[in-house]
1. With the requirement that a residue be open to solvent by 60 Å² or more (accessible area, probe 1.4 Å) and of a type in the set (Ser, Thr, Tyr), what does the range 359-388 give you?
2. Could we say that Glu142 is at pLDDT below 95 and open to solvent by 10 Å² or more (accessible area, probe 1.4 Å) here?
3. Among the residues of the range 96-106, are any open to solvent by 10 Å² or more (accessible area, probe 1.4 Å) and either of a type in the set (Val, Ile, Thr) or at pLDDT below 95 (or both)?
4. Residue check, Val193 against (1) part of a loop (DSSP other than H, G, I, E, B); (2) out of contact with any Phe, Trp or Tyr (no Cβ under 8 Å at 6 or more places or on another chain), all met but one. Which one?
5. Output the residues belonging to the range 215-241 that are polar (S, T, N, Q) and either open to solvent by 10 Å² or more (accessible area, probe 1.4 Å) or in contact (Cβ under 8 Å) with a residue 60 or more places away in the chain (or both).
6. Give the residues of the range 115-130 that are open to solvent by 10 Å² or more (accessible area, probe 1.4 Å) and closer than 14 Å to Gly175 by Cα, sorted by residue number.
7. Please count how many residues of the range 354-380 are under 21 Å from the mean Cα position of the chain (by Cα) and not aliphatic (A, V, I, L, M).
8. List the number of the failed condition for Thr169; all other conditions in (1) touching a Ser or Thr at 6+ places or on another chain (Cβ under 8 Å); (2) open to solvent by less than 10 Å² (accessible area, probe 1.4 Å) hold.
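The values are calculated or read from the model by the stated rules, or taken from the named source; none is laboratory data. Quick caveat: nothing in here was measured; it's all calculated off a predicted structure. Backbone-built Cβ (ideal geometry, glycine too); neighbour counts: all protein chains shown. Just so you know, the surface numbers come from the protein's heavy atoms only, side chains and all, with ligands and any DNA or RNA stripped out. Shrake-Rupley method; radii C 1.70, N 1.55, O 1.52, S 1.80 Å.
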Amino acid sequence: MKTGAEVLSEQDFLPLKGKNFALVTNHSALVGEVHLLDLMKKKGIMPTVIFTPEHGLKGTAEDGVQLADDTSGGVPVISLYGAVKQPRPEDLKGIDLVVFDIQDAGVRFYTYISTMGLAMQAAAREGIPFMVLDRPNPLGGEYVGGFVRDGLPASFTSLYPVPIAHGMTVGELAGMIKGEAMLPGLTQLDLKVVRMQGWQRSMRWPDTGLLWVATSPNLASFESVLLYPGTGLLEGTSASEGRGSTIPFQLAGWPGIDPLALAARLNSEQLRGVHFEPVQFTPLRMPGVSSAPKYRDREVGGVRIDITDYRKVSPVETGVAVLSALHALVPEPVRPSFFRGGFDDMAGSAELRKAVERGESAQAIAASWNAELSRFLALREGYLLYGE
């Protein structure tokens, strides 16, 4: 299969010739093992300005770290993570096309899609066309899971009314953001998507044959990406999501919890595609990856989530099962403080937190979002660019 960037490269970047274009990108914009910017340079075509999302152009900045503007090969590099989250009118002066090429994780609270939408909005405001070079959703195009964001104000980590795992490519999502007016001011946007070739909705990342590049410091492997839509929710709790280890989002625990009891409880649910191994782990300071993980230098009792069949894993449901089991096993006195500020924002509503606090099973919680997922699937049908 070929990504949108590869398709454009094989066209010798013809749609970009003679254009003063801006490029919204980072290190993940690879064609094979070569970065898109290097291919452009060989063809004598370079952007006028580069915009970068969270983690920066090289993808090495930790979560939440704001970066100063920079240059790359003489081209200005402007960060869209921090006080400035979308291109300003002065940044787009003289620009006649904005191009977006970033590998996404397929998760609503992963901020790259927020950067895309805000850049679309800025382009529309200035009457500039917007081009998306499409890339695969690593979770595939069939799986959707989690509550649709509802009843909460939009935020940078929850900008669109879509499920946690939406099963769309960035190109498809861009079409939906415009078509469903998920952000204001996009009605007149000239949106183009350079489609992939050979990608099918049933494909998860290993099926594409593409090399996975760490899209951010803690998503260094497909296994972490696959579990992230679910275990990533632990970031909004007092439990450890495995940051400060070499396998973040594949570990989960809390100091003092009995790993055997946690693993037994989770394995009894017979979740498809995963097995839970009891472990003790100690989060460590990892500069550039996780400088201040929860429970740094403290032993944590928990589980390692082993993927037995990546095609069968339901990521959000798996994470909710872990979340529910941890909540049930933490000591009663600390249970009221298990959830932290920001959890509802990541979950998309207060419903998940309330259901866990009521002691509902992970299976019952997953069943409770089925109706809204059905409505979402019907809505997204008109924006899908690829078949099964």
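1. Ser361, Ser368, Ser374
2. Values: at pLDDT below 95: no; open to solvent by 10 Å² or more (accessible area, probe 1.4 Å): yes.
Answer is no for this residue.
3. So far as the range 96-106 goes, no, none of its residues is open to solvent by 10 Å² or more (accessible area, probe 1.4 Å) and either of a type in the set (Val, Ile, Thr) or at pLDDT below 95 (or both).
4. Among (1) part of a loop (DSSP other than H, G, I, E, B); (2) out of contact with any Phe, Trp or Tyr (no Cβ under 8 Å at 6 or more places or on another chain), Val193 violates only (1).
5. Of all residues in the range 215-241, those polar (S, T, N, Q) come to 215-216, 218, 221, 224, 231, 237-238, 240.
Of everything in the range 215-241, those that are polar (S, T, N, Q) and either open to solvent by 10 Å² or more (accessible area, probe 1.4 Å) or in contact (Cβ under 8 Å) with a residue 60 or more places away in the chain (or both) turn out to be Thr215, Ser216, Asn218, Ser221, Thr231, Thr237, Ser238, Ser240.
6. Leu118, Gln121, Ala124, Pro129 - these are the residues of the range 115-130 that are open to solvent by 10 Å² or more (accessible area, probe 1.4 Å) and closer than 14 Å to Gly175 by Cα.
7. Of the residues in that region, 4 qualify.
8. (1)
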